Amino acid sequence: MTADGSAAPSASDIACQNEILRGVARTFALTIAQLPEALRDTVANAYLLCRIADTIEDEPALSVADKRAFSEHFIEVVAGERDPAPFARELGARLSASTRAEERNLVANTPRVIGITRCAAPARQEALVRCVEIMSRGMVEFQRDAGADGLKDVAEMNRYCYHVAGVVGETLTALFCDYSDEIATRREDLFRLSVSFGQGLQMINILKDVWEDRGRGVCWLPRDVFEAAGFDLRLLSPGTSDPGFVEGLRQLVAITHHHLANALRFITIIPAHETAISRSCLWPLGIAVLTLRRIHRTPAFRSGGDVKVSRRSVWAVAAVTSVLARSDRALKLLFKLSSYGLPRTTAA
């Protein structure tokens, strides 16, 4: 039993979850490992639940109708309304060679992942179910209308980012507040910034992976931004240096910069002594800022690998932010220096 009276997950299930997490997301596994022990397993569980939802979305062998059916089935599994074993067998049988072995292993182990979900305290389970429901249904909606011509406008991009990342920011905030009564007293301020935090990290993925997404026949860039700059997203091709595209990209870099600044504000609201939580948030933020700088400096990049942050830079981010985690003033100065030269906007 845990301190709140809920059943504790088995050591073998936790070990399995950690092994799977390292397989599907090595960097996030390191980030989650920084969290306090009382949060670590639930946040890892939340990540894997989201990754199962992502696997459904990304599987090219599934039609939109199939994805909707599997997503609804998964929501019911997470909510404890259906047995996870049939879901794992049925989805596993439909996965193609396009799905990596690590994701296939995750799907196969859905019953063990769900076993950990069901050991969480009621408030945490509620947060996880809400996250999976909003994410899964939102992704199906956007899959239905996805195409290579981009999203209609910034408002539509914001909606997409909320469903795939903003809700994750909200979920983490709910888990942090459940973990600490002191953090819970700052709940309103944290929730106000949590969606922006999630969107900032997601927009890094949208910009960095634009060519890989294009290769799959989808584009998450907003058409209105590029049309206003005189560029038609239907003409998009790797390595383009068209002035209209460069200007549109600059505006999206500015929007992303705005959200990452909000992410820092989110982190500085967390009590200074909760350094483990701060570190777990600072690492992805630091990597995101460095990636955004590379995107801004090389708008004609041809693949995500061209703007990917080096392993040495990742470790430098981890070291520096860990040292400065207790000082809001130092973190703000570091952010200002790291983001120097990036375009800014107050509208996002």
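The values are calculated or read from the model by the stated rules, or taken from the named source; none is laboratory data. Here the structure is a predicted model, which means the values were calculated and not measured. We place every Cβ from the backbone using ideal geometry, glycine too, and count neighbours over all the protein chains shown.
Would you point out the residue of the stretch 24-82, among those that are among the aliphatic types (A, V, I, L, M) and in contact with a Pro (Cβ under 9 Å, 6 or more places away or on another chain), that is nearest to residue 308 (Cα to Cα)?
From the stretch 24-82, those among the aliphatic types (A, V, I, L, M) are 24-25, 29-30, 32-33, 35, 38-39, 43-44, 46, 48-49, 52-53, 56, 61-62, 64-65, 69, 75, 77-79; that's our starting set.
Of the ones still in play, those that are also in contact with a Pro (Cβ under 9 Å, 6 or more places away or on another chain) are 77-78.
Working: 77: 36, 78: 34 Å.
Selected residue: 78.
Could you tell me whether residue 272 is modelled with pLDDT under 95, buried (at least 18 other Cβ atoms within 10 Å of the Cβ) and either aliphatic (A, V, I, L, M) or within 12 Å of residue 207 (Cβ to Cβ) (or both)?
For residue 272, the condition - modelled with pLDDT under 95, buried (at least 18 other Cβ atoms within 10 Å of the Cβ) and either aliphatic (A, V, I, L, M) or within 12 Å of residue 207 (Cβ to Cβ) (or both) - is not met.
Picking from 295, 270, 287, which residue would you name as being touching a Lys or Arg at 6+ places or on another chain (Cβ under 9 Å), more than 25 Å from residue 180 (Cα to Cα) and not charged (D, E, K, R)?
295
For every residue, the table says whether it meets (1) out of contact with any Cys (no Cβ under 6 Å at 6 or more places or on another chain); (2) of a type in the set (Phe, Trp, Tyr); (3) in contact (Cβ under 8 Å) with a residue 40 or more places away in the chain.
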{"position": "108", "(1), (2), (3)": "yes, no, no"}
{"position": "112", "(1), (2), (3)": "no, no, yes"}
{"position": "119", "(1), (2), (3)": "yes, no, yes"}
{"position": "122", "(1), (2), (3)": "yes, no, yes"}
{"position": "132", "(1), (2), (3)": "yes, no, yes"}
{"position": "139", "(1), (2), (3)": "yes, no, yes"}
{"position": "142", "(1), (2), (3)": "yes, yes, no"}
{"position": "147", "(1), (2), (3)": "yes, no, yes"}
{"position": "150", "(1), (2), (3)": "no, no, yes"}
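How many of the residues in the stretch 74-98 are aromatic (Phe, Trp, Tyr) and without any contact (Cβ under 8 Å) to a residue 60 or more places away in the chain?
1
Which of (1) surrounded by fewer than 19 Cβ atoms within 10 Å (Cβ to Cβ); (2) at pLDDT 95 or above; (3) polar (S, T, N, Q) is the odd one out, the single condition residue 143 does not satisfy?
Here residue 143 clears every test but (2).
Going residue by residue through the stretch 230-245, is there one that turns out to be surrounded by 22 or more Cβ atoms within 10 Å (Cβ to Cβ), under 18 Å from residue 165 (Cα atoms) and either in contact (Cβ under 8 Å) with a residue 40 or more places away in the chain or not assigned by TED's automatic domain parsing to the domain that holds residue 343 (or both)?
Taking every residue of the stretch 230-245 in turn, none turns out to be surrounded by 22 or more Cβ atoms within 10 Å (Cβ to Cβ), under 18 Å from residue 165 (Cα atoms) and either in contact (Cβ under 8 Å) with a residue 40 or more places away in the chain or not assigned by TED's automatic domain parsing to the domain that holds residue 343 (or both).
Please go through the stretch 143-158 and pick out each residue that is in contact with a Phe, Trp or Tyr (Cβ under 8 Å, 6 or more places away or on another chain) and either in the same structural domain as residue 49 (by TED's automatic domain parsing) or of a type outside the set (A, V, I, L, M, F, W, C) (or both).
150
Out of all the residues in the stretch 307-323, which are free of Cβ contacts under 8 Å to residues at least 12 places away in the same chain and more than 19 Å from residue 33 (Cβ to Cβ)?
Kept after step one, since they are free of Cβ contacts under 8 Å to residues at least 12 places away in the same chain, are these residues of the stretch 307-323: 310-312, 315-316, 319, 323.
Within the stretch 307-323, 310, 312 meet the criteria.
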